[in-house]
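> Quick one: the structure is below, and I'll ask about it shortly.
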Amino acid sequence: MRDAGAVLLEATGVSKGFGGVRAVDDVSLAVREGTIHALIGPNGAGKTTFFNAISGYAFPDRGRVTFRGADVTRVPNWRRVAVGMGRTFQTPSVFPELSVEENVRLGVRAHAGQAFRLRASRGEAHAAVERRVDELLGFVNLTARRTRPLAELAHGSQRLCEIAMSLSTEPVMVLLDEPMAGLAEAESERIITVIRDLRERLGLTVLFVEHNMRVVLSLADRITVLDRGRVLAEGTPAEIAANRAVRDAYLGEGVLDHV
Amino acid sequence: MSGRAALAAGAAVLVVLLFAPLLAPLVKLDISIVSEVLLMAIAAMGVNLLLGYTGLPAFGNAAYFGLGSYGAALSVTYAHVGFAGAVAIGTVAGLLGGLVLGPFLLRRRGIYFGLLSIAFGQVFYFVAYRYTDVTGGEDGMNIVRPAVEGAHAVVSDSAFYYVAFAAFVVCLAAFRTVVGSPFGRTLVGIRQNEPRVRYLGLNSDRFIFVALLLAATMTGLAGALFGLLIDFAYPLELDWHQSGDFVLMMILGGGGTVWGPLLGACVYVIGKDIISTITPLWQIFLGALFVACVLGFPRGILGTLEAAVRRRDAGRFTDDDVNAAFDPNAPVEVGRGA
């Protein structure tokens, strides 16, 4: 449990609507450096919309987003990546026809400023790229499957590859949108270990959306609960578990009795 | 196909093309038809770069083709430039077309990119069609094939073939380099998943714009040479039917492959030449071929062949599979089986 670092990502009064529906309504949230911060809430609470708004996938209608002290509210997504923000999607966003290593290599080359070149790098530059690819594949344990096209791999492996890709740009913070969605128990365990490693071994800050309460309560340092587009509560896992409003509005009593 | 076999096959094709002026008469083929095949192949390569590799529905590439043709025709007619000058001006006209249309097309994706491409092509078509005083309107304009600068002899049909051949080889080499490069792999990434490319920190618009300029330049070159080949420029070269023909050739041969456009152009141009001597309804046969292609083998001739070879190779076990089977830390594969 940590709560020491400075604020890394801050959203202030973020709103986003579609037609007449205000999917995210005046949401503020601060993620501190070195924490694992979870965003929970029932279906339709606006979690993914909020995620998209702060990661530059779809700009917010109102409000402000700062990252590492700079205003990034309307900074295009590809430029946010350059300042250290990585993200994954609910459905693994990968290149399905390319092999695992090519998926990761695209990211490593992009970060090394080689993506625009007409010639593959040689010598030391090439070796550095390949070393980094090996390292990332090792981190998510996909080395043995490196030559397989992504489309042939199971969901969990695709998600691990996506995490490796989001790490290839050397972010200081990663945003994971429902990293455990649609995974079997064993696959979820792998992802949980990897998320812990993101902080323990790489020193990254993590913001993730999740449904599974057991996972959230065991993994997160801080939890923000969204309901119908608004912040219902925020606090440590123990505070959230004890919060009456959260219990009443969203969580089954039974879920929290185990904690 | 293993790398070496593919290379040998490619070299063989180039050797056959090199001796085409000697070989063509043996099969009663006019050498100008072979020139046309090569020029159409260049234009189909332009579609291939945008549609086959980058996934952009390039349904208006005739605009660049026609700009190339009219660029050559107008410069010969009004500025009396030589052969090389006409080709250069036509090629630059294609590039300029890409520079002008690119910023508008860049804002669109998917079907909207396709529709806007068609619409821009039609704008050029109507300009050529209506601006009768300069372009000859519906009748088109004759091009008196100029001599090469400094020489006096007009380029003969077999000499012209080698010009087309040289243009094809240059474009093919450029195309191979581009699609095999990190830049080309990023284009494939854009086709498969553009949001992910952007979340790798890359401005995909920049990549698309460069691909568009490359395609426009190649297509402009093809158009300029085509105008000089048939000594004529006409509005239908700018029409969306022409754009459709380029797409058809790419799909027939195999989108996303290096040699597919040549194969598709070959089947299309020679098929049209043969069938149209038998029946004026040749379009029905090409249409049927297209339908059969899309329904039966959507990867095109070459794409289907490559997939078959890959399937054969995939039947063999690799060390990786064996290692994966014994890796205690490997993520558990559910469903499809490792």
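The values are calculated or read from the model by the stated rules, or taken from the named source; none is laboratory data. Every value quoted in this text rests on a predicted model; they were computed, and no experiment measured them. We place every Cβ from the backbone using ideal geometry, glycine too, and count neighbours over all the protein chains shown.
> Within segment B:178-187, can you find the residues that are more than 17 Å from A:W78 (Cα to Cα) and facing chain A (nearest Cβ under 7 Å)? It would help to see each step written out before you state the result.
First, pick out the residues of segment B:178-187 that are more than 17 Å from A:W78 (Cα to Cα): B:178-182, B:184-185.
Residues satisfying the conditions are B:V178, B:S181, B:P182, B:R185.
> If you don't mind, there's one more thing I want to ask. What about B:A63, is it aliphatic (A, V, I, L, M) and over 30 Å from B:Y125 (Cα atoms)?
Spelling it out, it is not the case that B:A63 is aliphatic (A, V, I, L, M) and over 30 Å from B:Y125 (Cα atoms).
> Only one residue in B:F120, B:F124, B:F113, B:F175 is at pLDDT 90 or above, under 28 Å from B:P57 (Cβ atoms) and within 14 Å of chain A (Cβ to nearest Cβ), so which one is that?
Numbers: B:F120 fails: within 14 Å of chain A (Cβ to nearest Cβ); B:F124 fails: within 14 Å of chain A (Cβ to nearest Cβ); B:F113 fails: within 14 Å of chain A (Cβ to nearest Cβ).
The conditions single out B:F175.
> Then there is this: List, please: which pairs have Cβ atoms under 9 Å, are six or more places apart or on different chains, and start with a residue in segment A:195-207 that is touching a residue at least 12 places away in the same chain (Cβ under 8 Å) and more than 20 Å from A:L29 (Cα to Cα) and end with one that is among the basic types (K, R) and surrounded by 14 or more Cβ atoms within 10 Å (Cβ to Cβ)?
none
> Testing A:G84 on (1) surrounded by fewer than 23 Cβ atoms within 10 Å (Cβ to Cβ); (2) more than 17 Å from the chain's Cα centre (by Cα); (3) more than 16 Å from A:L232 (Cα to Cα), one condition comes back false. Which one is that?
(2)
> Identify all residues within segment A:53-74 that are among the aliphatic types (A, V, I, L, M) and away from every other protein chain (no Cβ under 12 Å); write none if there are none. Working first, answer last.
Taking segment A:53-74 first, the residues among the aliphatic types (A, V, I, L, M) are A:53-54, A:58, A:65, A:70, A:72.
A:A53, A:I54, A:V65, A:A70, A:V72 - these are the residues of segment A:53-74 that are among the aliphatic types (A, V, I, L, M) and away from every other protein chain (no Cβ under 12 Å).
> Something else now. Tally the residues that are among the hydrophobic types (A, V, I, L, M, F, W, C), facing chain B (nearest Cβ under 8 Å) and under 28 Å from A:L9 (Cα atoms), restricting the search to segment A:84-107. Break it down stepwise before answering.
First pass over segment A:84-107, keeping only residues among the hydrophobic types (A, V, I, L, M, F, W, C): A:85, A:89, A:94-95, A:98, A:100, A:104, A:106.
With the extra rule that they be facing chain B (nearest Cβ under 8 Å), the set shrinks to A:89, A:94-95, A:98, A:106.
From what is left, the residues that are under 28 Å from A:L9 (Cα atoms) are A:89, A:94, A:106.
Looking only at that region, the number is 3.
> Hey, can you tell me all the residues within segment A:108-127 that are more than 7 Å from chain B (Cβ to nearest Cβ), part of a loop (DSSP other than H, G, I, E, B) and of a type in the set (G, A, S)?
If we filter segment A:108-127 for residues that are more than 7 Å from chain B (Cβ to nearest Cβ), which is where we start, we get A:108, A:112-113, A:121-127.
Going one step further and asking which of them are part of a loop (DSSP other than H, G, I, E, B), we end up with A:112-113, A:121-122.
A:A112, A:G113, A:S121 - these are the residues of segment A:108-127 that are more than 7 Å from chain B (Cβ to nearest Cβ), part of a loop (DSSP other than H, G, I, E, B) and of a type in the set (G, A, S).
> Okay, moving on. Only one of (1) part of a strand (DSSP E or B); (2) under 14 Å from the mean Cα position of the chain (by Cα) is not met by A:T66, so which one is it?
It fails just one condition, (2).
> Restricted to segment B:50-60, and to residues that are touching a Gly at 6+ places or on another chain (Cβ under 9 Å) and in a helix (DSSP H, G or I), which residue is nearest to B:Y125 (Cα to Cα)?
So the residue we want is B:L51.
> Further question: For segment B:257-284, which residues satisfy the criterion of being within 12 Å of the chain's Cα centre (by Cα), surrounded by fewer than 22 Cβ atoms within 10 Å (Cβ to Cβ) and more than 18 Å from B:S35 (Cα to Cα)?
B:V258
> Scan segment B:19-49 residue by residue and report those that are part of a helix (DSSP H, G or I) and over 20 Å from the mean Cα position of the chain (by Cα). Working first, answer last.
Within segment B:19-49, the subset part of a helix (DSSP H, G or I) is B:20-27, B:31-49.
Residues satisfying the conditions are B:A20, B:P21, B:L22, B:L23, B:A24, B:P25, B:L26, B:V27, B:I31.
> Could you grab me the full set of residues in segment A:15-44 that are part of a loop (DSSP other than H, G, I, E, B) and either in contact (Cβ under 8 Å) with a residue 40 or more places away in the chain or closer than 20 Å to A:L217 by Cβ (or both)?
Matches in segment A:15-44: A:E33, A:G34, A:T35, A:G41, A:P42, A:N43, A:G44.
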